[in-house]
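The structure appears below as structure tokens.
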There are 4 protein chains.
Amino acid sequence: MDITNKIPVGVLGATGSVGQKFIELLSNHPWFEVVEVAASERSAGNLYKDAVNWILSSPIPERIANLKVKICVPDLDSKIVFSGLDSSVAGEIESDFAKKGYIVVSNSKNHRMDKDVPLLVPEINPSHLELIKTQNYNGGCIVTNPNCSTIGLVLALKPLHDNFGLVMVNAVTMQALSGAGYPGVSSLDIVDNVIPFISGEEGKLESEPLKILGELNSNEIVNTRIKISAQCNRVAVLDGHLECVQVKLKNKASEKDLIDAWQNFSSEPQKLNLPTAPLKPIYYFTEDKYPQPKIHRNLDKGMAVSVGRLRKDPLLDYKFIVLSHNTVRGAAGGAILCAELMISKGYIK
Amino acid sequence: MDITNKIPVGVLGATGSVGQKFIELLSNHPWFEVVEVAASERSAGNLYKDAVNWILSSPIPERIANLKVKICVPDLDSKIVFSGLDSSVAGEIESDFAKKGYIVVSNSKNHRMDKDVPLLVPEINPSHLELIKTQNYNGGCIVTNPNCSTIGLVLALKPLHDNFGLVMVNAVTMQALSGAGYPGVSSLDIVDNVIPFISGEEGKLESEPLKILGELNSNEIVNTRIKISAQCNRVAVLDGHLECVQVKLKNKASEKDLIDAWQNFSSEPQKLNLPTAPLKPIYYFTEDKYPQPKIHRNLDKGMAVSVGRLRKDPLLDYKFIVLSHNTVRGAAGGAILCAELMISKGYIK
Amino acid sequence: MDITNKIPVGVLGATGSVGQKFIELLSNHPWFEVVEVAASERSAGNLYKDAVNWILSSPIPERIANLKVKICVPDLDSKIVFSGLDSSVAGEIESDFAKKGYIVVSNSKNHRMDKDVPLLVPEINPSHLELIKTQNYNGGCIVTNPNCSTIGLVLALKPLHDNFGLVMVNAVTMQALSGAGYPGVSSLDIVDNVIPFISGEEGKLESEPLKILGELNSNEIVNTRIKISAQCNRVAVLDGHLECVQVKLKNKASEKDLIDAWQNFSSEPQKLNLPTAPLKPIYYFTEDKYPQPKIHRNLDKGMAVSVGRLRKDPLLDYKFIVLSHNTVRGAAGGAILCAELMISKGYIK
Amino acid sequence: MDITNKIPVGVLGATGSVGQKFIELLSNHPWFEVVEVAASERSAGNLYKDAVNWILSSPIPERIANLKVKICVPDLDSKIVFSGLDSSVAGEIESDFAKKGYIVVSNSKNHRMDKDVPLLVPEINPSHLELIKTQNYNGGCIVTNPNCSTIGLVLALKPLHDNFGLVMVNAVTMQALSGAGYPGVSSLDIVDNVIPFISGEEGKLESEPLKILGELNSNEIVNTRIKISAQCNRVAVLDGHLECVQVKLKNKASEKDLIDAWQNFSSEPQKLNLPTAPLKPIYYFTEDKYPQPKIHRNLDKGMAVSVGRLRKDPLLDYKFIVLSHNTVRGAAGGAILCAELMISKGYIK
């Protein structure tokens, strides 16, 4: 690919918290250049810097700051659009863009379970991209990124499923505040507190992995058969979802077998050397107290998953903990990696 | 009992964080009066107010403030002593006191698993007190209080075990900072973070319930047979341990059956109207987001356990959450309730 | 007063955070009984328990939970109404109530600076209540409570002003999250952060004390002449505003003089033994590290002000710190004390 | 300078929190290479990775991890040593090193006020380095870095002092937890709290700027004459000290004059293009709510000072806020910049 001419991309929902993260992560991207920012009618017409309540520590990239915000109709100067739209509007807008020939890479939940839409984690199910050929979008297409708490879990599960077969998975999450968007969780609800409920989250965590780990079979995904139970909590952490996981395996495996499976795991994005891919998708920590959100969430550009504390489980077979950065690997970064994979594999020409 | 003449009690480890909580909770106790405070040699000889780094929001009870701190040798003017000693010294000191005829009610872990020592939760296993008759302590005895994360869990489990039989229990905890004592957890380790490891905690949570829920059989406790798995985390909460629990039951039961079992649960301390007993040991909340540490930890004097979010579990039978105040019900308050039970049942004369 | 027949009162803005605090503090009030709860049209018609998103740890008082919420028009069955209305609507609604003969005790800022409206702190300027006789409200009246950061400061200043004369006051505040209402400050803005700006707050802190400490002179308040500078910050504290204060005095005074002035300070509410009055309005702490929000905010029912760290100041004369509970003394509790004073002094018959 | 051969340096107190920051910041330094790590006898003899309780999020630089820790005696293979020693031992050890010919760049307070020791902020008083010629250390020397809360303040003051003359300065700080080292502040003391006292801090903040802003006059520093008052608080922020500052100026100046003075400020380190120097020492923010610790502490590698909220002050002339990263600009990074200046100006050959 000729990187002197970057590929123009747009961001839908550009003023929201996921949209901001897209813009931050794309600001020095070697392949993509943000040329369009679109948001609600309230923001449209203003310069991005005036429309946005920028909440990230990095400053607004200067070129983006002075882009005029457009409304979210398929009339943008970029074939590829990243969607950080709120789920209350994402469904229809994304379909509209796809129908007009746009390639929509979405972080919203609306189309994730559509039969013809890949729920893509590039290290796990790159072959699912074939599904877009079955979409009826006049040359456009929709590709989705899983829920933020799903991605960390499913990346840690993938090598185990491949090597030993998963029968049961139990996950209890301690999720970061940024997962709720901005303003999201009131400070009065979380200082000196835990909120043991995140609306809709447990359902996603119990269902999305089945599709992601499923097999593509004559243009259809056959969900994998694992029993999953999830319990989701919100804790006073800015970024980084931590999950306590237990697994029951089909085949016998030692602790060393599991650790080896994680440490040796590498996949398409690493082979293709995609710009946003982590060098290693999974890092295993041997110290009892690691990984921790504050210390390890930014590992390998925030795109790696950290695993630790593997030990035998009295109920299932093993238990361990998983950490991943929810707005990088679990949202904008994950979606960008999807787009990189699509380009690298020739799905976008 | 003649409450015009309160029973003199002592506190071992009186300057530590558990010791302080004992003193706070005993300060207006209708039956007990703290007459002795004992601590390490470093503190001994000083007035309590000068020896202690008082960390509670209530002021030091004035009478206690001016007691002279003694060393922890069995030479105190109170037959009953509450022990908040550090486990590095508690084992021997508590034995020494018992041998000299003292009644030791301990929050330390050292003697919890001794065959002849009750691991007592007054609502659950009051009959285990009989064990002290088998102790060889010349009239003295040792009674212990379980680990702070155990108490909440086991109180929530008791009505289920009695009514439906427990086969498996899975618990993932989010534990408060006060559980680590003072200074305990460094602020640098917990602001914007979770620590997914508490040394020794998971082992206690997996073993103590078996003894507590066990049967007294010809002067021996026969542990109950439940498979328990625990994962313990430290979160940025001051007080109140929250636990995500899953259970597998022997007998079929509906959600209503479980909720009824919790709400109807009442036991010896309630019947005897013990001063520190909660009106109801267990409160069930129907709101999705409840219970929460900040809001419910002080329920019913901090002695009640709050349960919520009961729902079917894809792996075991049910999942739900449990909250209890770790330094009140889970430590000093629980131990005081033990002593009240002993007096009320005639074990202390 | 006949306390067997409590005085019926209403709460305007009853579902908001200040409104909730009114209801909590009035729930066992010896003189008042909440019989009316009024809020926006959205809430009106529903039971209070269904309309409110209750954020306090104490449960909703049962009798109030089942009151039907009314709209905020002067058609309520209680002569006295406490207003916790948002300032966007408080101005007009409060005037409407007063015009219809209601006694409005308001925590909102709208009428605070009206010439004929007392800005009342019962320990400081009880005589200002005479102002209501100049109001043209057909028998009704409006009395206001100062801003939450003003009350703590002005209570600490009052004994100094009386005894030594204040010339200059400098205040830098670290204010609690509850001061911003609910949901108020986003958790993403305050975990691991300080927000060095609170809209409008510095102006209030620089102006309100002048009126409160002013003299009533032929039915007009003559503001006192003190130069005040304020800087306001939001910190990750749930309740309790802490302020670093410096003062320049007219008359020479030793550190002991100042401490004596604070400790000997007592006023009308104490003399009249009003139910919500603290035993002592001001407590002085000698430990370097005290007072602290978490430890001292609830002192004397949350109605006392804590002062500490008095020392000479290289620029003005003295510096010290002041702490007060912003939603109790600084809002609902302060307003209730105003109403108690009005009854006790015969302004309400 | 030949950067193919880096200059070997050592770190004293290498296992402490400041020592760790030195090692992190020096790990890819273009001029310096850490070849020696020294610490207390307890650590000596072990590999650095085994001796240290590493608390930073970046991993231990691999080469350093395997260095053997030495004791702090002047027998190291590096002429330059950075000292992050605890003040209980720093005084003597640093003198010992200097006497043996070592160049000691220290972050400890012990020698800061020595008459012949520069208290150096490279942008402010580079000429003070001449003082080391008056030291009697056999070719060795000691140069010190100011206290973490001093550096941010004094950098913001310097352009004002140069342009308009400072008469009075008032500073109230909200300081980060990392300033107290590790484990430092107990989590139980700071969650939901502010600690309004930091031992010794106010004295440093009131005295150090006088020396730093002083004039070198025939080999002596003549302190500048400014009246300074400081009040110091600890808040629940991980990194970044925020200060509310007021100034009284000798000469009249408009708000624009002050902002221009800050924005145009540039000095030796910028001219010399020192590797650790920020591009601009001071950034002025126009948004009311900025700067904030979480958002701006890492500005320009954590070496810049952020200023905002300039406004007229009713007592002195102006008030504004200042933010700086306390462990980078305020400690290790500041000290490294001192060493860079010494090399660049020929003080180290």
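If a residue must be out of contact with any Asp or Glu (no Cβ under 9 Å at 6 or more places or on another chain), of a type in the set (A, V, I, L, M, F, W, C) and not in a strand (DSSP E or B), how many such residues does segment A:162-188 contain?
The number of residues fulfilling the criteria is 3.
Is segment A:225-237 home to any residue that is within 14 Å of chain C (Cβ to nearest Cβ), assigned to a loop (DSSP other than H, G, I, E, B) and touching a Cys at 6+ places or on another chain (Cβ under 8 Å)?
No, the conditions are met nowhere in segment A:225-237.
Which ones in segment B:189-199 are open to solvent by 10 Å² or more (accessible area, probe 1.4 Å) and outside any strand (DSSP E or B)?
B:D189, B:V191, B:F197, B:I198, B:S199
Out of D:K99, D:K109, D:K79, D:K6, which single residue is under 24 Å from the mean Cα position of the chain (by Cα), within 25 Å of D:P209 (Cβ to Cβ) and not β-branched (V, I, T)?
D:K109
Is there a residue being among the aliphatic types (A, V, I, L, M), open to solvent by 10 Å² or more (accessible area, probe 1.4 Å) and free of Cβ contacts under 8 Å to residues at least 40 places away in the same chain anywhere in segment D:156-172?
No, segment D:156-172 contains no residue that is among the aliphatic types (A, V, I, L, M), open to solvent by 10 Å² or more (accessible area, probe 1.4 Å) and free of Cβ contacts under 8 Å to residues at least 40 places away in the same chain.
Which of the residues that make up segment D:24-39 are farther than 16 Å from D:L337 by Cβ and either of a type in the set (A, V, I, L, M) or touching a residue at least 60 places away in the same chain (Cβ under 8 Å) (or both)?
Answer for segment D:24-39, where residues must be farther than 16 Å from D:L337 by Cβ and either of a type in the set (A, V, I, L, M) or touching a residue at least 60 places away in the same chain (Cβ under 8 Å) (or both): D:V34, D:V35, D:V37, D:A38, D:A39.
Scan segment D:142-165 residue by residue and report those that are of a type outside the set (S, T, N, Q) and touching a Gly at 6+ places or on another chain (Cβ under 9 Å).
Listed by number, the residues that qualify are D:P146, D:C148, D:I151, D:G152.
Kindly indicate whether A:A261 is farther than 25 Å from A:P196 by Cβ and more than 14 Å from chain B (Cβ to nearest Cβ).
So A:A261 fits the description; yes.
Answer with yes or no whether B:L47 is open to solvent by 20 Å² or more (accessible area, probe 1.4 Å) and in contact (Cβ under 8 Å) with a residue 12 or more places away in the chain.
Criteria met by B:L47.
How many residues, within segment C:60-112, are open to solvent by less than 20 Å² (accessible area, probe 1.4 Å) and basic (K, R)?
Summing the residues that are open to solvent by less than 20 Å² (accessible area, probe 1.4 Å) and basic (K, R) in segment C:60-112 gives 1.
Go over the candidates D:P159, D:P146 one by one and state the one that is part of a loop (DSSP other than H, G, I, E, B), away from chain B (no Cβ under 14 Å) and under 20 Å from the mean Cα position of the chain (by Cα).
D:P146
List every residue pair whose Cβ atoms lie under 7 Å apart, where the two residues are 6 or more positions apart in sequence or sit on different chains, the first residue falls within segment B:177-204 and is closer than 18 Å to A:E243 by Cα and at the interface with another protein chain (Cβ under 7 Å from one of its Cβ atoms), and the second residue, located anywhere, is part of a helix (DSSP H, G or I) and among the polar types (S, T, N, Q).
Close Cβ pairs satisfying both conditions: B:I190/D:S187.
Please enumerate the residues belonging to segment A:180-196 that are under 18 Å from the mean Cα position of the chain (by Cα) and within 21 Å of B:E287 (Cβ to Cβ).
Passing the criteria: only A:A180.
Residues of segment C:242-270 being part of a helix (DSSP H, G or I) and within 19 Å of C:G308 (Cβ to Cβ), which ones?
C:E255, C:K256, C:D257, C:L258, C:I259, C:D260, C:A261, C:W262, C:Q263, C:N264
Name the single residue that is nearest to B:S207 (Cα to Cα) among those in segment B:124-141 being among the polar types (S, T, N, Q), assigned to a loop (DSSP other than H, G, I, E, B) and open to solvent by 60 Å² or more (accessible area, probe 1.4 Å).
B:N136
Could you count how many residues in segment D:124-140 are in contact (Cβ under 8 Å) with a residue 60 or more places away in the chain and of a type outside the set (D, E, K, R)?
9
Mind checking which residues of segment C:239-258 are open to solvent by 60 Å² or more (accessible area, probe 1.4 Å) and either at the interface with chain D (Cβ under 10 Å from one of its Cβ atoms) or closer than 25 Å to C:E202 by Cβ (or both)?
Selection gives C:K248, C:K250.
For segment C:122-132, check the following and say yes or no: at least one residue is more than 14 Å from chain A (Cβ to nearest Cβ), farther than 22 Å from C:R225 by Cβ and over 13 Å from the mean Cα position of the chain (by Cα).
Within segment C:122-132, one or more residues are more than 14 Å from chain A (Cβ to nearest Cβ), farther than 22 Å from C:R225 by Cβ and over 13 Å from the mean Cα position of the chain (by Cα).
Report the residue count in segment D:164-192 for those that are closer than 17 Å to C:R234 by Cα, touching a strand residue (DSSP E or B) at 6+ places or on another chain (Cβ under 9 Å) and not aliphatic (A, V, I, L, M).
So the answer is 2.
Any idea which of A:V117, A:V121 is without any contact (Cβ under 8 Å) to a residue 40 or more places away in the chain, assigned to a loop (DSSP other than H, G, I, E, B) and crowded, with 24+ Cβ neighbours inside 10 Å?
That would be A:V117, the only listed residue that is without any contact (Cβ under 8 Å) to a residue 40 or more places away in the chain, assigned to a loop (DSSP other than H, G, I, E, B) and crowded, with 24+ Cβ neighbours inside 10 Å.
Test each condition in (1) touching a residue at least 60 places away in the same chain (Cβ under 8 Å); (2) in contact with a His (Cβ under 7 Å, 6 or more places away or on another chain); (3) within 14 Å of another protein chain (Cβ to nearest Cβ) for C:S306 and report the one that comes out false.
(1)
Step by step: first the residues of segment B:271-291, then only those that are within 17 Å of the chain's Cα centre (by Cα) and either basic (K, R) or outside any loop (DSSP other than H, G, I, E, B) (or both), then the one that is surrounded by the most Cβ atoms within 10 Å (Cβ to Cβ). Which residue is that?
B:I282
Just give me the residues in segment D:292-301 being within 14 Å of chain C (Cβ to nearest Cβ), closer than 19 Å to D:L25 by Cα and not in a loop (DSSP other than H, G, I, E, B), in sequence order.
Once the filter is applied, which keeps residues that are within 14 Å of chain C (Cβ to nearest Cβ), closer than 19 Å to D:L25 by Cα and not in a loop (DSSP other than H, G, I, E, B), segment D:292-301 yields only D:H296.
For segment B:88-139, what are the residues that are under 18 Å from B:F22 (Cβ atoms) and of a type in the set (V, I, T)?
B:V89, B:I93, B:I103, B:V104, B:V105, B:V121
Working only within segment A:200-219, note down all residues that are part of a strand (DSSP E or B) and in contact with a Leu (Cβ under 8 Å, 6 or more places away or on another chain).
Answer for segment A:200-219, where residues must be part of a strand (DSSP E or B) and in contact with a Leu (Cβ under 8 Å, 6 or more places away or on another chain): just A:L216.
Quick test for you: out of D:K227, D:K204, pick the one residue that is surrounded by fewer than 18 Cβ atoms within 10 Å (Cβ to Cβ), of a type outside the set (D, E) and either farther than 30 Å from D:L56 by Cα or under 19 Å from the mean Cα position of the chain (by Cα) (or both).
Residue meeting the stated conditions: D:K227.
In segment C:12-51, how many are in a loop (DSSP other than H, G, I, E, B) and either under 17 Å from C:A331 (Cβ atoms) or in contact with a Leu (Cβ under 8 Å, 6 or more places away or on another chain) (or both)?
Residues meeting the conditions: 6.
When segment B:309-349 is examined, which residues are found to be open to solvent by 10 Å² or more (accessible area, probe 1.4 Å), more than 12 Å from chain A (Cβ to nearest Cβ) and of a type outside the set (A, V, I, L, M, F, W, C)?
The answer is B:T327, B:S344, B:K345, B:G346, B:Y347, B:K349.
The values are calculated or read from the model by the stated rules, or taken from the named source; none is laboratory data. Small disclaimer: the values here were computed from a predicted structure and weren't measured. Cβ atoms come from the backbone with ideal geometry, glycine included; neighbour counts cover every protein chain shown. In case anyone asks, the SASA skips ligands and DNA or RNA and just uses the protein heavy atoms, side chains included. Shrake-Rupley method; radii C 1.70, N 1.55, O 1.52, S 1.80 Å.
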